[in-house]
Amino acid sequence: MFGAIYGADGSSLEALLAVAQEFSPRVESVGDSRAFDSAQAREFVLDLSGLTRLFGDARSIAEELRRTAADRGLQIRVAIAGTRTAARLMVRHRAGISIIEPGSEADALASLPLALLGELANSQLPTPNSQPLPTSDSQLGVVLKRWGLRTLGDLAALPADDLAARLGQDGVRWQRLARGEDAAPLVPAVPEERFEQSLDLEWPIEELEPLAFVLGRLLEPLEAHLERRGRGAAVLHVRLFLVKTSGGAREVHDRSLQLPTPIRDARTLRTLALLDLESHPPAGPIDRVVVAVDPTPGRIVQFSLMTRPLPSPEQLSTLMARLQALMGETRCGSPALVDSWKAGAFEMTPFAPVDANVLHSHDTLNDRRVSAPPPFDSRSGRPELSRGARFVTVKNVAVALRRFRHPVPARVHVADGKPARVTIDRRGMDGGGISVCAGPWRTSGDWWKDGWDRDEWDVTLGGGATYRLFRARDTEQWFVDGVLD
Amino acid sequence: MANHALAAVESALRDRKLDRTLTTALAPLERMDPSALVPMDVAALDACLRGGLPRGQLSELAGPRSSGRMTLLLRMMAAATARGEIVALMDTLDRLDVASAAAAGVDLSRLLWIRGQDSAPADRALDRALKALNLVLQAGGFGVVALDLADVPLAAIRQIPFNTWMRVQRVIEGSDTACVLITSEPLARSAGGLTVTLAGRPTWTGTSDRGRRLSGVDLRARVVSPRKRIDGEVAIGALTVDVTDRDAPIARQR
């Protein structure tokens, strides 16, 4: 059994909702929540199942509802029916109290004007993908009017097959509504839940180690709460209330952690919070700890039998937090090329690998790029090569450069316009005569700021090491840019 | 008779759970599961390694400057990322050239790059890199984890306690991670790992200074394996890495 209440003009939405929630925990706010000012927003549907044992029959419930509303200065219409649709149509049509016996919804609604369906149009969509219902002045509303239909009973009486043949599935849906049938179950409005835990400490704590135990104690019930609701934490807030100093105001140390994916594991959250607090410690002793999370729908993971699983986001988050604490925030991540001619230009991006299942479909196992090794001769321990072959050639291999992030100064003796000997003062780096060289290649750029303008040479020293040298054209100084390795 | 005696000794050791010290307790090479290996994606070298570097073991690529260590490592990482795995590089002295990695085919979004500092004292940079290596290995899930010690002074490397490498081995034992050290000389291979010693010689094309270009590196690799399981004393022969596309590898505009 469902009831619909409809507030008169000027009714407070909150007061109306409070009245509804006093009678039933399952209350549906009808209409678009963005349209609180519109008439739709002043309508609520209640699930009244079981209330007859408290208040008596349906009429008693309706009278009690009106009395409670009147006590709060509200004038409401009440309709009670076996279906939500019937209750809603009736409450819009008739003032006061309307009771429809379960099973007689179609008969009770038969005399109501067809235009009521239009008012219900966009406030109740039977399925997420369905089109809005026609309003009385819409094209389909005009069609129904042209057919001579004036009441819901007229529409309900039409043969369903013929209606579907002419208007499609939408026609069938309208007819069901006209008969007072529900197309979807009641979706109760869930009050906003707070995911927060706090603890007042008997004795202030100053170190992070005892704080770890406090955080663990707070985060474990929070994890259970999130798990019950199928949620994960998108943002973790840690609020530390510091001991009030004499004469001063009480300070609060606030930290918020944006998590890369929804996480609810208490140990992971505690580790992340502690690592963050290590790098941003509170200024004094703590006597109250509050932990809160911004909830978001939990993660659903589908593992694959075909590819190696990636580390879980919890593991990756913890790893990255530990690495950033150890190496520095900007020194861990994935490299990315940037659109620049400058040698060695790159940028760091967060390390967030995508699962291979998303990248590839079925060709993951049959790797395209890894060539199969040639046959192996088990006796000699060598690959089976054709007779007389001494070299195996691998084509299209990129020779890697080991780049000095800060170019190493060098002294270069130039003979006949090309480098002949290089001397490097840095310990561990060999200099010597140059046996082969190629160049120069001139590059320049960023002239409007700290740019570069240089001549590059690739040189091989007598010892075998191959360097990339450059001469800065403005200062005439030589540097080692990197080692080809 | 001798076989009976050997079997009895092995059985006794196995009962006391000391069979890990037995050479024969290692899996036969012919029956090595391909999924337990990380190919280098250089066919001749993979054939010599019987498929690649073993997972769950500490291996090393050793050689002097310009011997092709980084080229081979990036090629191995490119193959791993192409298979959908993620890889990590502990870059002790911040030497990675991102353009080279991209040109080698490494999927950069699947590469975790941990950059040390060139300006920091070598021992401190090394200490941080080892701690970072430990964190990455303990997190698990990486196909290849490399520690670049190539330019770290040997004096600093020799100060590392030897049990450091044993701890590393204990962390990755049984995992799917192949840990690779890039060093200037053989350093710390685990019992089941491999050492690939490299020697390289640059190859050039063209005769004039202006027309000459670096076309590649001739590599010679020598594999050292535990108890000569992979014929460790035999060099695999000459391996030529030939660069036919001259512009792409070094990715410079000239």
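The values are calculated or read from the model by the stated rules, or taken from the named source; none is laboratory data. Every value quoted in this text rests on a predicted model; they were computed, and no experiment measured them. Note that we place each Cβ from the backbone using ideal geometry, even for glycine, and neighbour counts take in every protein chain shown. SASA here: full protein model, heavy atoms, side chains in, ligands and nucleic acids out. Shrake-Rupley method; radii C 1.70, N 1.55, O 1.52, S 1.80 Å.
Values computed for the structure shown
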{"quantity": "Subset tally (residues that are in contact with a Lys or Arg (Cβ under 6 Å, 6 or more places away or on another chain) and either in a helix (DSSP H, G or I) or open to solvent by 90 Å² or more (accessible area, probe 1.4 Å) (or both)) for segment A:154-209", "calculated": "2"}
{"quantity": "Condition check for A:Arg468: at the interface with chain B (Cβ under 9 Å from one of its Cβ atoms), in contact (Cβ under 8 Å) with a residue 24 or more places away in the chain and either outside any strand (DSSP E or B) or within 18 Å of B:Gly216 (Cβ to Cβ) (or both)", "calculated": "yes"}
{"quantity": "Filter result (open to solvent by less than 30 Å² (accessible area, probe 1.4 Å), of a type in the set (A, V, I, L, M, F, W, C) and either modelled with pLDDT under 90 or under 11 Å from A:Pro419 (Cα atoms) (or both)) within segment A:442-477", "calculated": "A:Trp457, A:Val459, A:Leu461, A:Ala465, A:Leu469, A:Phe470"}
{"quantity": "Residue count, segment A:37-59 (criterion: open to solvent by less than 40 Å² (accessible area, probe 1.4 Å), at negative phi and modelled with pLDDT of 85 or more)", "calculated": "7"}
{"quantity": "Test: residue in segment A:345-352 that is closer than 30 Å to A:Phe303 by Cα, within 7 Å of chain B (Cβ to nearest Cβ) and at pLDDT 50 or above", "calculated": "yes"}
{"quantity": "Criterion: in contact (Cβ under 8 Å) with a residue 24 or more places away in the chain, farther than 19 Å from B:Trp113 by Cα and more than 14 Å from chain A (Cβ to nearest Cβ) - qualifying residue of B:Pro202, B:Pro186, B:Pro161", "calculated": "B:Pro186"}
{"quantity": "Unique match (being modelled with pLDDT of 90 or more, under 18 Å from A:Glu278 (Cβ atoms) and crowded, with 17+ Cβ neighbours inside 10 Å) among A:His225, A:His237", "calculated": "A:His237"}
{"quantity": "Subset of segment A:317-332 (residues that are surrounded by fewer than 21 Cβ atoms within 10 Å (Cβ to Cβ) and more than 7 Å from chain B (Cβ to nearest Cβ))", "calculated": "A:Gln324, A:Ala325, A:Gly328, A:Glu329, A:Thr330"}
{"quantity": "Contacts under 6 angstrom Cβ, first residue in segment A:385-412 being within 7 Å of chain B (Cβ to nearest Cβ) and assigned to a strand (DSSP E or B), partner surrounded by fewer than 18 Cβ atoms within 10 Å (Cβ to Cβ) and modelled with pLDDT of 85 or more, 6 or more apart", "calculated": "A:Arg403/A:Gly344"}
{"quantity": "Unique residue being open to solvent by 40 Å² or more (accessible area, probe 1.4 Å), under 25 Å from A:Leu319 (Cα atoms) and among the small types (Gly, Ala, Ser) when the list is A:Ser246, A:Ser256", "calculated": "A:Ser256"}
{"quantity": "Strands (runs of 3 or more DSSP E) wholly inside segment B:48-150 containing at least 1 residues that are open to solvent by 10 Å² or more (accessible area, probe 1.4 Å) and at the interface with another protein chain (Cβ under 8 Å from one of its Cβ atoms)", "calculated": "B:111-115"}
